[in-house]
2 protein chains.
Amino acid sequence: MLLALTQAGHSNTRARRAVLTALLEADGQATPAELLELGRAHHAALGLVTVYRTLEILLSLKLVRKLHLEEGCHTYAISAAGWSAGETVDRSPQHDEHGHHVICQSCGRAVEFDGCHLDDIVAKAEAQTGFRVSSHWLEMFGACPECRATANVEDGSIEG
Amino acid sequence: MLLALTQAGHSNTRARRAVLTALLEADGQATPAELLELGRAHHAALGLVTVYRTLEILLSLKLVRKLHLEEGCHTYAISAAGWSAGETVDRSPQHDEHGHHVICQSCGRAVEFDGCHLDDIVAKAEAQTGFRVSSHWLEMFGACPECRATANVEDGSIEG
DNA sequence: TTACTTGCAAAAACTTTGCAGGCGC
DNA sequence: GCGCCTGCAAAGTTTTTGCAAGTAA
């Protein structure tokens, strides 16, 4: 992701590296405050303001995505584009294929999956409401493999 | 909705009636601040705090739903359960069938549609991630019939 | 009358802005 | 060295809490 950042014309600074590392260390998602704490392990003087500003840049580059959880929308996750920007070459800014997240309700881990085939559901919604749908937003909640193995999360019925 | 409220043991107060009316008058969605403004037309002394507290109750009864928009998650919409609680008899608290919203990006109108058939998409996500999915959350954005008719919203390609 | 509600004020939580100094390039 | 970045402090928003007075039942 650092590469994507610099290729977009942003400086490679210690603060930004700390935030990126924090994002990678966070288990798929983190709030700005959590990123600050994680990031300070790598750059003690890191400030919350810089976390916000770095996230803003990453959002604009679509390298991270804002998650909307029941409790609020204060967490961020690395997007598919962000992961694939590991060390490979550039991503056009118009990287617009999008995946969605599955979030573990036990440990908070968030994983993006691809294969966003909602065309027929979108079509049904359009037919039913008369709207013309141009984008959407999907998130799933459940239990990750580790938590299912470790713990007593027996109740995994598919609702809806 | 008033009935559902009182049947759940909450008082029928002027402030709550004002909030309910405001919700009905809002075009499908509104922020607490907007509900305050709308509500004050019916109860001049209405306070923002009461709007929040009433929404909290309505949320717990699943009569309203929190919408998560790109700009944030500060808006509320009447749910299908809320609409059907118009004047009919009670709804068991376990009314758990859920619809999702389509939100007009032009006028902000929000409409809930039913037919939430994501089973195969959920199955794919489970296969791909190893998660066990127990719930989800879907929202669509686009243009409502009125805005499409009225205005110049020609661009309605289905993205995703 | 009794207990639930209300709305003000204040606090808390979260996010953005201003600015002087610091650092990447 | 120049200009982007940073972090502190302060301001702006949004939401929650405390409490005395008010209202439903």
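The values are calculated or read from the model by the stated rules, or taken from the named source; none is laboratory data. Bear in mind the structure is a predicted one, so any value in this text is a computation, not a measurement. Reconstructed Cβ throughout: ideal geometry from the backbone, glycine too, with neighbour counts over all protein chains shown.
Observations on the model:
- Every residue from segment A:20-31 that is farther than 15 Å from A:Ser79 by Cβ and either of a type in the set (A, V, I, L, M, F, W, C) or buried (at least 19 other Cβ atoms within 10 Å of the Cβ) (or both): A:Ala22
- If you go through segment B:5-32 and keep only what is hydrophobic (A, V, I, L, M, F, W, C) and within 13 Å of DNA strand C (Cβ to nearest atom), you end up with B:Leu5, B:Ala8, B:Ala15, B:Ala18, B:Val19, B:Leu20, B:Ala22.
- Residues within segment B:38-51 that are more than 8 Å from DNA strand C (Cβ to nearest atom) and surrounded by 14 or more Cβ atoms within 10 Å (Cβ to Cβ), tallied: 4
- Of all residues making up segment A:122-153, the number that are within 7 Å of chain B (Cβ to nearest Cβ), closer than 30 Å to B:Ser106 by Cβ and part of a helix (DSSP H, G or I): 5
- Residue under evaluation B:His95, criteria (1) at pLDDT 95 or above; (2) more than 16 Å from DNA strand D (Cβ to nearest atom), criterion not met: (1)
Matching residues to (1) within 11 Å of DNA strand D (Cβ to nearest atom); (2) outside any loop (DSSP other than H, G, I, E, B):
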{"residue": "A:Leu23", "(1), (2)": "no, yes"}
{"residue": "A:Gly39", "(1), (2)": "yes, yes"}
{"residue": "A:His42", "(1), (2)": "yes, no"}
{"residue": "A:Val49", "(1), (2)": "yes, yes"}
{"residue": "A:Thr54", "(1), (2)": "yes, yes"}
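- Filtered by the rule that a residue be within 15 Å of DNA strand C (Cβ to nearest atom), away from chain A (no Cβ under 12 Å) and free of Cβ contacts under 8 Å to residues at least 40 places away in the same chain, segment B:60-78 gives a lone residue, B:Ser60.
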